[in-house]
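The values are calculated or read from the model by the stated rules, or taken from the named source; none is laboratory data. Note that the structure is predicted; figures quoted are calculated from it, not measured. No Cβ is skipped: glycine too gets one built from the backbone with ideal geometry, and neighbour counts run over all protein chains shown.
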Amino acid sequence: MVGEGILKGLAETARNFFGSYVSKERLTTVQYPEQRLPRIEAARNFPFLVFDGSDWQQGMRCVACQICEKECPPKCILIEKSKDKKPDAVGKQQFYPAVFDIDISVCMSCQICVEVCPFDAIKMDVDVDLPTDNRFGGLLLDKQQLAKSNEYYHGIHPTEAAAVDAALAEERAKAQAKKPAAAAPPAAPPSAAPVPEAQPVSGESK
Ligand code: SF4
Ligand code: SF4
């Protein structure tokens with residue numbers, strides 16, 4: 001029946017309104033900000049940048065590939081790639097974002113930036129306490145404001161973060177396994193004198 005959904009919605013609203021006088025179960029609002037609703041793991045509002053370890057600059061996973069910037073529908077991400085490189089989580093030299101800004105007054109929380117990031121470097125936050133009286137600069141978040149630790153990520157999206165950690169650990173183990181092979185000397189010609197066995201390379205950054 002046309003409009004059946006609307007009638008059901010109105011009936012539910014009426015049940016909650018009148019029911020809230022006799023049952024706490026029917027109270028669907030809280031006295032924010034003193035009271036908070038429980039956090040929902042699947043909730044999302046604006047993106048943040050994940051970093052590993054305790055140093056947000058060193059541990060930032062973003063390598064400034066700019067895929068998210070290109071794919072963001074309202075174009076609210078601004079990235080400037082660094083001129084130099086630093087080691088990423090697997091020790092590979094990578095660019096990093098010299099500038100990474102997100103204008104959350106424009107962001108529509110679509111999560112496309114998260115879906116397209118190949119490095120699990122950008123995730124959706126659940127923080128809704130972002131009031132400001134500065135409509136423009138106050139809602140333009142820079143990379144320091146966007147940087148949040150992997151522990152924070154685990155706190156808000158534990159299931160997703162555990163799956164990401166497992167995938168990254170596998171990737172890092174594979175990269176680590178390749179290192180001694182890559183560092184081993186070339187095979188000696190058959191006539192050459194025997195050489196000592198190659199030692200694993202030590203002191204490499206992780
Ligand atoms: S959530 Fe969507 S709109 Fe917001 S920064 Fe990411 S891609 Fe852009
Ligand atoms: S957040 Fe991800 S997709 Fe965006 S620039 Fe950084 S690494 Fe690339």
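Just a few scattered comments:
- Output for segment 122-151, where each listed residue is surrounded by 12 or more Cβ atoms within 10 Å (Cβ to Cβ), in contact (Cβ under 8 Å) with a residue 60 or more places away in the chain and part of a helix (DSSP H, G or I): K143, L146, N150
- Scan of segment 100-113 for residues that are closer than 21 Å to E160 by Cα and crowded, with 17+ Cβ neighbours inside 10 Å, ordered by number: C113
- Segment 119-159, subset of a type in the set (S, T, N, Q) and more than 14 Å from F51 (Cβ to Cβ), residue nearest to ligand 2 (Cβ to nearest atom): T159
- The set of residues in segment 1-23 being among the β-branched types (V, I, T) and either surrounded by 10 or more Cβ atoms within 10 Å (Cβ to Cβ) or modelled with pLDDT under 90 (or both) consists of V2, T13.
- Entry remark, segment 120-162: residues being hydroxyl-bearing (S, T, Y) and over 18 Å from the mean Cα position of the chain (by Cα) number 1 in total.
- Considering only residues in segment 152-176 that are buried (at least 16 other Cβ atoms within 10 Å of the Cβ) and at pLDDT 95 or above, the one that is nearest to V126 (Cα to Cα) turns out to be I156.
- When the strands (runs of 3 or more DSSP E) confined to segment 1-118 are screened for residues that are within 16 Å of ligand 2 (Cβ to nearest atom) and more than 30 Å from K174 (Cβ to Cβ), those reaching at least 2 such residues are found at 77-81, 97-103.
- Between C110, C62, the distinction of being closer than 29 Å to L140 by Cα and free of Cβ contacts under 8 Å to residues at least 60 places away in the same chain belongs to C110 only.
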